[in-house]
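Peer 1: Got a structure here, written out as structure tokens. Questions coming.
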Amino acid sequence: MSAAQPKPSVSEREARQVAEAAREQDWRKPSFAKELFLGRFRLDLVHPHPMPADEDAQRGEEFLAKLRDFCETKIDGARIEREAKIPDEVINGLKELGALGMKIDTKYGGLGLTQVYYNKALAMVGSANPALGALLSAHQSIGVPQPLKIFGTQEQKDTFLPRLARTDISAFLLTEPDVGSDPARLATTAIPDGEDYVLDGVKLWTTNGVVADLLVVMARVPKSEGHKGGITAFVVEAAAEGVTVEHRNAFMGLRGLENGVTRFHQVRVPASSRIGPEGAGLKIALTTLNTGRLSLPAMCVGAGKWCLKIAREWAGEREQWGKPVAHHEAVGTKISFIAATTFALEAVLDLSSQMADEDRNDIRIEAALAKLYGSEMAWLIADELVQIRGGRGFETAESLAARGERAVPAEQVLRDLRINRIFEGSTEIMHLLIAREAVDAHLKVAGDLIDPEKSLSDKAKAGAKAGGFYARWLPKLVAGPGQLPRTYGEFHPDGHADLSAHLRFVERASRKLARSTFYAMSRWQGRMETKQGFLGRIVDIGAELFAMSAACVRAELLRTTEDYGREAYQLADVFCRQSRIRVDELFNRLWSNTDDLDRKVVKGVLSGTYGWLEEGIVDLSGDGPWIADATPGPSKLDNVHRPIR
């Protein structure tokens, strides 16, 4: 058996090639968001709003009723925050409810909930305590069940899914101390040895890893005779010899999170526990995240609903200058933002989730946009709640209770939500991931034109191909139904706010967005991928347009199915008006910004030019390396793994 391989040295180009190879290359089904970025507003793909089957809805509602009772009577969020640990009896109670198997098929002992009702459950549990929501989400959104559902063999499903549905907790292990969003540098190895693989390496930020029974581990298989090699996914028993949980990490928020550092030393894993072929690990991870990412905006929606409730109750009670603070415009605008944005976040989540359940659309961009937009906007919502609460928003719930006031954990919600802008793809990485998908059509027809390694003949062929595509595509971006005053008239029923005007804006803005992307590609060509500020704004515009579309479609659904349709229209109208202001600003910043100046300042900061600006402080950060040593080898620390039974 060979020794562990040295950490790979990877160039920027090689890293990009690894990421590109892991992408789903084809679009086999239509995508509303992809069309939106191409200047085609396909409202027919999302309207009328898709609905769950009656049987799915009944099963989901029955479980939510049981879950609500459990959350209200068995979960003490203040205790979890105080002790920085979820009590074993709470986790065992969730197991008995079947919450570990919400997304697992009933034939394996799971509940078989749809994505819509799974997300509603996560929103509810997350409102009781976000660390619990994270535990359930990491277990079945990105942990062992989802990869097995998509890529596992029947034998693997029969072996592992019944355990995962009722008793066993799972975790997903990709990140390493020196490897985050650049998996090409993955250092954990899986060396073939007979009918087994031998794992060596260290994994960081292993959510659920401290208490997990089963792990999905991404490791690099060296290329050799009979082995394709590459980053590969394995199911690993957490109790296997050589697996050590060396540390339970502590965080700014989510204090009950069972997240740790896990070391693998000569861990034998049977080949039968490999998920998919060698080299398919990153594709498995990305495909799992296509719908797995929807769990984060689900908990963001739950947080938004709670923030709205507290803002309403507090701002109506607290008086300043002779009237409740809600009636002062400075506070009232914040409440309006919270209400309208929460409505939109739920609209984005429910629409994306129902499309995931129906599987008639490709939702990889929609799910990514939901995660990006949900995490960013929920953070702003919580920040506004803290501001509305004033000093009480900064004070802990425990302190408030100790002096006789309602224990409102506003500061905790703010801390707990902050990780969502980093979890499962940071905002910056999501911008790049979505941007890559958004420009996919351009790269397919013009990619060789901007590839420096392509020959002149290849570029000539690409030029001819691109010429034909753009000759057909560009004229369609000049005019569209958004310029006709009566378009989308069904969204302006008598006695309701006019949402048709907002949909016409979305259609016009979609074409403008596509034109802007084309102009940028023409201007920067091969340097386009380095213009991350521009790409981020392009994606943010797309996110706003998607949210506006979802809000309008949801309002129309509620008008026809509920008795608060008028109010839904009002919230959608306010949200769209707020969103349009942000879109106009983002369009302006595409071309009027400080990106070039920022790059110069960064060079100066790194070279020490502004070192004088750092004088006059005391650095409290202490000594030690920036990144912990992750050299493979036997563990020198106690194993803090604690399976819950």
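Peer 1: Return the tail of the calculated pair distribution for the range 368-519, meaning the percent of Cα-Cα pairs more than 25 Å apart. Write down the numbers at each step before the final one.
Peer 2: Working: 6946 of 11476 pairs.
For the range 368-519, the fraction of Cα-Cα distances above 25 Å is 61 percent.
Peer 1: Among 479-489, 166-176, 290-300, how do they line up by average Cβ neighbours within 10 Å per residue, starting with the highest? Before the final figure, lay out the partial values.
Peer 2: Working: 479-489: 13.9, 166-176: 23.7, 290-300: 28.0.
Descending packing order for the listed peptides: 290-300, 166-176, 479-489.
Peer 1: Further question on the same structure: In Å³ and rounded to a whole number, note down the convex hull volume per residue for the Cα atoms of the range 327-437.
Peer 2: Values: hull volume 13.9 nm³, N = 111.
Per residue, the Cα convex hull of the range 327-437 comes to 125 Å³.
Peer 1: Per the helix-only calculation at 222 nm, which mean residue ellipticity applies to the chain, given -39500 (n - 2.57) for every DSSP H run of n ≥ 4 and division by its residues, nearest 500 deg cm²/dmol?
Peer 2: Value at 222 nm, helices only: -17500 deg cm²/dmol.
Peer 1: Could you give the Stokes-Einstein D for the range 51-190 in µm² per second, using the C-alpha Kirkwood radius, 20 °C, 1.002 mPa s? Before the final figure, lay out the partial values.
Peer 2: Values: Rh = 16.2 Å.
This corresponds to a translational diffusion coefficient of 132 µm²/s.
Peer 1: How much accessible surface does residue 429 have with a 1.4 Å probe, in Å² rounded to 10?
Peer 2: Counting only protein heavy atoms, the figure is 60 Å².
Peer 1: Probe radius 1.4 Å, ligands and nucleic acids ignored: give me the carbon and sulfur share of the accessible area of the range 243-377 as a rounded percent.
Peer 2: Values: 2490 of 4580 Å².
Its accessible area is 54 percent carbon and sulfur atoms.
Peer 1: Report, ordered by chain and residue number, the aspartates and glutamates lying within cross-link reach of residue 103, taken as a straight Cα distance under 17 Å and ignoring same-chain residues fewer than 8 apart.
Peer 2: Cross-link targets: 55, 56, 61, 62, 158, 168, 350, 357, 358, 359.
Peer 1: Just to verify a number: what accessible area does residue 252 come out at with the full protein assembly present, 1.4 Å probe, Å² rounded to tens?
Peer 2: Its heavy atoms expose roughly 110 Å² to the probe.
Peer 1: Sequence neighbours fewer than 8 away in the same chain don't count; with that in mind, list the lysines whose C-alpha is under 22 Å from residue 461.
Peer 2: List returned: 444.
Peer 1: Right, something else. Treating only the Cβ of Lys, Arg, Asp and Glu as charged (+1, +1, -1, -1), what charge dipole size does the range 316-470 show about its Cα centre? Round to the nearest 20 debye.
Peer 2: Values: 19 positive and 26 negative charges, 72 e Å.
Rounded to the nearest 20 debye, it is 340 debye.
Peer 1: Take the Cα gyration tensor of the range 45-129, multiply each eigenvalue by 5, square-root it, and list the three semi-axes largest first, rounded to whole angstrom. Before the final figure, lay out each step's value.
Peer 2: Numbers: eigenvalues 145, 47, 21 Å².
The equivalent ellipsoid of the range 45-129 has semi-axes of 27, 15, 10 Å.
Peer 1: Assigning unit charges at the beta carbon (Lys, Arg +1; Asp, Glu -1) and nothing else, what dipole magnitude in debye, to the nearest 20, does the range 204-277 show about its Cα centre?
Peer 2: Numbers: 8 positive and 6 negative charges, 53 e Å.
So the dipole magnitude of the range 204-277 works out to roughly 260 debye.
Peer 1: Could you compute how fast the range 413-503 diffuses translationally, taking Rh as the Kirkwood radius over C-alpha pairs and applying Stokes-Einstein at 10 °C with viscosity 1.306 mPa s? Give it in µm² per second. Write out the running numbers ahead of the final one.
Peer 2: Working: Rh = 17.8 Å.
In µm²/s, the coefficient rounds to 89.
Peer 1: Sticking with this one: State the answer as a single residue: which of 184, 194, 217 lies farthest towards the positive end of the charge dipole of the range 183-225, with beta carbon charges of +1 for Lys and Arg and -1 for Asp and Glu, about the Cα centre.
Peer 2: 184
Peer 1: Quick one: Karplus J couplings for the range 256-265, per residue in order, coefficients 6.51, -1.76, 1.60, θ = phi - 60°, nearest Hz, x for Gly and Pro?
Peer 2: Per residue, the Karplus-derived 3J(HN,Hα) values read x, 5, 8, 10, x, 10, 10, 10, 10, 10 Hz.
Peer 1: How far is the Cα center of the range 186-241 from the Cα center of the range 499-571, in Å?
Peer 2: Computed from Cα coordinates, the inter-centre distance equals 41 Å.
Peer 1: With θ taken as phi - 60° and the coefficients 6.51, -1.76 and 1.60, list the Karplus ³J(HN,Hα) couplings across the range 461-476 in order, rounded to whole Hz; mark glycine and proline as x.
Peer 2: 4, 5, x, 5, 5, 5, x, x, 4, 6, 5, 7, 7, 4, x, 6
Peer 1: Can you send over the carbon and sulfur percentage of the accessible area for the range 30-124, probe radius 1.4 Å, protein chains only?
Peer 2: Values: 1940 of 4110 Å².
Using a 1.4 Å probe with all protein chains present, the range 30-124 comes out at 47 percent carbon and sulfur.
Peer 1: May I pose another question? So what's the projected area for the chain, the Cα convex hull averaged over all directions, in nm²?
Peer 2: Numbers: hull surface 131.4 nm².
Directional mean of the projected Cα hull area for the chain stands at 32.9 nm².
Peer 1: Would you kindly calculate the translational diffusion coefficient of the range 109-245, applying Stokes-Einstein with the Kirkwood radius from alpha carbon pairs, for 10 °C and a viscosity of 1.306 mPa s, and quote it in µm² s⁻¹ without decimals? Can you show the working numbers first?
Peer 2: Working: Rh = 16.1 Å.
My calculation gives 99 µm²/s for D.
Peer 1: If you build the convex hull over the alpha carbons only and average its shadow over all orientations, what do you get for the range 294-368? Give it in nm² to one decimal.
Peer 2: Working: hull surface 21.6 nm².
The directionally averaged projection comes out at 5.4 nm².
Peer 1: I would also like to ask the following. Using the Karplus equation 6.51 cos²θ - 1.76 cosθ + 1.60 (θ = phi - 60°), what ³J(HN,Hα) coupling, rounded to whole Hz, does each residue of the range 608-624 give in order, writing x for Gly and Pro?
Peer 2: Each residue's phi maps through the Karplus curve to give x, 4, 9, x, 4, 5, 8, 6, x, 10, 10, 8, 8, 6, x, 8, x Hz.
Peer 1: Can you tell me what percent of all Cα-Cα pairs in the range 222-303 are more than 18 Å apart? Could you put the intermediate results ahead of the total?
Peer 2: Values: 2109 of 3321 pairs.
Value for the range 222-303 (Cα pairs over 18 Å): 64 percent.
Peer 1: What is the dipole size for the chain, taken about its Cα centre, with +1 at each Lys and Arg Cβ and -1 at each Asp and Glu Cβ, in debye to the nearest 20? Present the calculation step by step, with values, prior to reporting the outcome.
Peer 2: Details: 83 positive and 88 negative charges, 328 e Å.
Approximately 1580 debye in magnitude.
Peer 1: Which lysines, if any, have their Cα less than 18 Å from the Cα of residue 85, not counting same-chain residues under 8 positions apart?
Peer 2: The qualifying lysines are 74, 95.
Peer 1: A further question follows. How large, in percent, is the carbon and sulfur part of the accessible surface of the range 142-187 at a probe radius of 1.4 Å?
Peer 2: 52 percent
Peer 1: May I pose another question? Please work out the C-alpha center-to-center distance from the range 324-352 to the range 94-162 and express it in whole Å.
Peer 2: 31 Å
Peer 1: Per residue, what accessible area does the chain have, given a 1.4 Å probe and all protein chains present, in Å²?
Peer 2: Accessible surface, normalised per residue, equals 46 Å².
Peer 1: Here's another thing I want to ask about it. Could the peptides 311-317, 633-639 be put in order, highest first, of the mean number of other beta-carbon atoms found within 10 Å of their residues? List each step's numbers first, then the result.
Peer 2: Details: 311-317: 16.9, 633-639: 11.6.
Ranking, from highest mean packing down: 311-317, 633-639.
Peer 1: Just want the answer: with Cβ charges of +1 for Lys and Arg and -1 for Asp and Glu, which residue in 361, 477, 141 is farthest toward the dipole's positive end in the chain?
Peer 2: Toward the positive end, the furthest listed residue is 477.
The values are calculated or read from the model by the stated rules, or taken from the named source; none is laboratory data. If you're wondering where the values come from, they're calculated on a predicted model, not measured in any experiment. For neighbour counting, all protein chains shown are included, and Cβ atoms are generated from backbone atoms with ideal geometry for every residue, glycine included. For accessibility, only protein heavy atoms count, side chains too; no ligands or nucleic acids. Shrake-Rupley method; radii C 1.70, N 1.55, O 1.52, S 1.80 Å.
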